[in-house]
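Data first, discussion second: the structure below is written as structure tokens.
Read-outs throughout are calculated quantities, based only on the coordinates presented, and are distinct from any laboratory measurement. The structure displayed is predicted, hence computed values, not measured ones. No Cβ is skipped: glycine too gets one built from the backbone with ideal geometry, and neighbour counts run over all protein chains shown.
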Amino acid sequence: MPKTHSVPNAARCVLALAAAFACSVAFAASPAGELSICIDRASPAAQADARFADELARAAGATPKLHRYDGRGRGDDDFSLHDFKKLLGGDCRFVVGFPYDEAAGPLPRYLKATAPYARTGFVLVTRRDSPYATLASMPQGTHVGVAYDTLPNHYFRHHPALVRDIFEDENDSLAGVAGGEVAGAMLWRAAVAARFERAGDRDAFRLQPIDEDGSQWNLVALYGSDDDGAAAIFDAAIARLRADGRLARTLGAYAEAVGAAAAAQATAFAGRRASVRSHLRSARSCASPKKASKVPALFTQAQAGEGKSIYEAKCSFCHAPDLTGRAGPALKGKFFASPTHKYKVGDIFTIVAQNMPATAPGSLTQEEYVKIMAFILQQNGYPAGEQVLTFDAAKGSKTPLRYYGQ
Ligand code: HEC
């Protein structure tokens, strides 16, 4: 704790002896003090973390003092472990809601992690009345939704019978499940739980943890390695919360409470493979599906190549050979494919197939429209892949329209 804090706090203590619990005593090991806990306000689990922090402090016999930090970091960089060091040295004694996998390497010298208190990760969300509870039980051709640019986009490799529908985010995905557009969706549990709290429709859905690479995480609390009493305080408080069922209740739909035995086992595994930083990165990019790291491949190179010639013959007169626009607007770049428009690939394709060329709408074949679409996507930075784009897939595509170029 910084010295600057201790003076006014000490003064307050003297003035208000009867209300001693209101005083922030540095590293308040005494049960009567405040327990300062940091939570990431940028996380979809922020609300649940706050509730947990509150209960944790009370179970430790202390007054909760929550500090909300922004875990998104600066620019492209993650919130670094060094920033945690500063938090723990200043604003808080614990950082809770930290995803930490048992296979992750050791933390840096100045940080320690408690035993895990919960498990969270990606879940398969289906309607409550769905006959399918798992991916494996879904028949060939079943449509399953994923939020754009999240880890479960890769899980379809292990389930080739399933059809992937990409949605803008967790909300759109859940709407797809509710409306029967998809049989289920693979989503980050905290984001799903946050939406349940807003909409109050948890009972309409069923959640099942997904068993795939990197899909499940332990939640731990971090504390400074020079803070000797921290682990004991945390363990005692968690034991109380477990015993009376408060742990599970507080976590709600966000995560599953971990029992004492499982927690001990998970701790024993800690300290293998990989760097914490890379784990952190994957956990965080799971939690906030905003970084454009994995742009989906929707068409083949051959389609884009043929699309280029058709575009030049039918569209470039009005939209310019380099797609920057003339009589018609630009068909590539940040303004065409801006996230604020919330346009999907299917929306733009429908415009093209129904209204273009402006002088002769609908005059091209379905094939030709599809190839032009492949070319336009490629010009906006989408990668070519093995999947052939079809007319129906283009028309129904929920993939957000974005610009991935420079
Ligand atoms: C004769 C000129 C002309 C030709 C040829 C033409 N367009 Fe257009 N296009 C326009 C104009 C003008 C608009 C704007 C229309 C509007 O906003 O109502 C437009 C709009 C669009 C849009 C919507 C852009 C946006 O940001 O909403 C797309 C996509 C598009 N054109 C694609 C094509 C494609 C693909 C072709 C070739 C098959 C083509 N256009 C041929 C004039 C043309």
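Overview of values
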read-out: Ser225 versus Asp347: modelled label distance in nm, points set 7 Å from Cα along the beta carbon direction; value: 5.0
read-out: Simple spin-label estimate for Arg109 and Arg127 in nanometres, 7 Å along Cα-Cβ; value: 5.9
read-out: Segment 182-196-segment 358-389 distance, computed between alpha-carbon centres (Å); value: 32
read-out: Extension gain from Ser363 to Tyr404, taking 0.36 nm per residue of separation minus the Cα-Cα distance; value: 11.8 nm
read-out: Over 19 Å between alpha carbons, listed pairs Lys342/Lys398; Lys308/Lys398; Lys314/Lys342; Lys86/Lys112; value: Lys308/Lys398; Lys314/Lys342
read-out: Distance between modelled label sites at Asn355 and Ala42, nm, 7 Å Cα→Cβ extension; value: 3.6
read-out: Qualifying GluC sites (Glu not before Pro) in segment 313-395, DSSP loop, other Cβ atoms within 10 Å at most 10; value: Glu386
read-out: With eigenvalues of the C-alpha gyration tensor scaled by 5 and rooted, segment 120-209, Å; value: 19, 14, 11
read-out: Net lengthening on full extension, Thr340/Thr134 (0.36 nm per residue, minus Cα-Cα); value: 70.7 nm
read-out: Segment 305-406: relative contact order as a whole-number percent, Cα under 8 Å and 6+ apart; value: 36
read-out: Extension gain (nm, one decimal) between Arg249 and Ser80, 0.36 nm per residue minus Cα-Cα; value: 57.7 nm
read-out: Ratio Rg/Rh, restricted to segment 321-406 and using Cα atoms, in which Rh is the Kirkwood radius; value: 0.93
read-out: Whole-Hz couplings from phi, Karplus 6.51/-1.76/1.60, listed for segment 232-239; x for Gly and Pro; value: 5, 4, 5, 4, 5, 5, 5, 4
